[in-house]
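Chemist: This is the structure, below, for whatever I ask next.
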Amino acid sequence: QVQLVESGGGSVQAGGSLTLTCKASGTIFDINSMGWYRQAPGDKRELIAFTTGRGYTNYTDSVKGRFTISRSNKDKTTVLLQMNSLKPQDTAVYYCNLDLWARGFSSYQNFWGQGTQVTVSS
């Protein structure tokens, strides 16, 4: 069974930094892509950072230059989101999303983390 467990959310003042972590449990054979989404109250869930197993990376304009998505060097089943220069408008619930192939599945499947709250105060 595959689960994505997120951690690292919290409250921070504007200009501060946080690092979100998403760890995939289970026997993971391959990760095709990794993404971070966020959803503010009343808004749709939006993709903010995306990377593939082949190294393609993309960001939504509002976080470019401030956020960095990466795969942990120590644990290839962990994806990170380094968030710097945080702004009040970054306040949202953040979700990780992985497209991966794991034991028990015959093809790649899409999984979501449970979400972690990030609150940025001015």
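The values are calculated or read from the model by the stated rules, or taken from the named source; none is laboratory data. Remember, it's a predicted structure, so these values are computed and weren't measured experimentally. A quick note on method: Cβ atoms are made from the backbone with ideal geometry, for glycine too, and the neighbour counts reach across all protein chains shown. Side chains are part of the model used for accessible areas, which takes the heavy atoms of the whole protein and leaves out ligands, DNA and RNA. Shrake-Rupley method; radii C 1.70, N 1.55, O 1.52, S 1.80 Å.
Chemist: Could you report the chain's accessible area per residue, 1.4 Å probe, as an integer in Å²?
Modeler: Using a 1.4 Å probe on heavy atoms only, each residue of the chain averages 54 Å².
Chemist: Students often get this wrong, so check it: of 44/76; 44/74; 23/74, which have C-alpha atoms separated by over 22 Å?
Modeler: Going by Cα-Cα distance, 44/76; 44/74 fall outside the 22 Å limit.
Chemist: Turning to a different aspect of this structure: Report the longest stretch of the chain that contains none of the trypsin sites (Lys or Arg not before Pro) sitting in a DSSP loop with at most 13 other Cβ atoms within 10 Å.
Modeler: 1-43
Chemist: Follow-up question, since we're still on this one. Scaled to the compact-protein estimate 2.2 N^0.38 Å, what is the alpha-carbon radius of gyration of the chain, rounded to two decimal places?
Modeler: Working it through for the chain, the quotient is 1.04.
Chemist: Can you pull the percent of region 1-56's accessible area that's carbon plus sulfur, 1.4 Å probe, other chains left in place?
Modeler: On region 1-56, the fraction of accessible area on carbon and sulfur atoms equals 45 percent.
Chemist: To continue, here is another question. Once the cut-off is 14 Å, how many percent of the Cα-Cα pairs in region 1-56 end up in the long-distance tail?
Modeler: Summing the P(r) of region 1-56 above 14 Å gives 70 percent of all pairs.
Chemist: Using a Cα-Cα cut-off of under 16 Å, which lysines could be cross-linked to residue 87, ignoring same-chain neighbours fewer than 8 residues away?
Modeler: 64
Chemist: For region 11-22, what does the Karplus curve 6.51 cos²θ - 1.76 cosθ + 1.60, with θ = phi - 60°, yield as ³J(HN,Hα) per residue in whole Hz, taken in order and with x for Gly and Pro?
Modeler: 10, 8, 7, 3, x, x, 10, 9, 10, 8, 10, 10
Chemist: Also: About its Cα centre, what dipole magnitude does the chain give when the only charges are +1 on Lys and Arg Cβ and -1 on Asp and Glu Cβ, stated in debye to the nearest 20?
Modeler: Dipole about the Cα centre, nearest 20: 180 debye.
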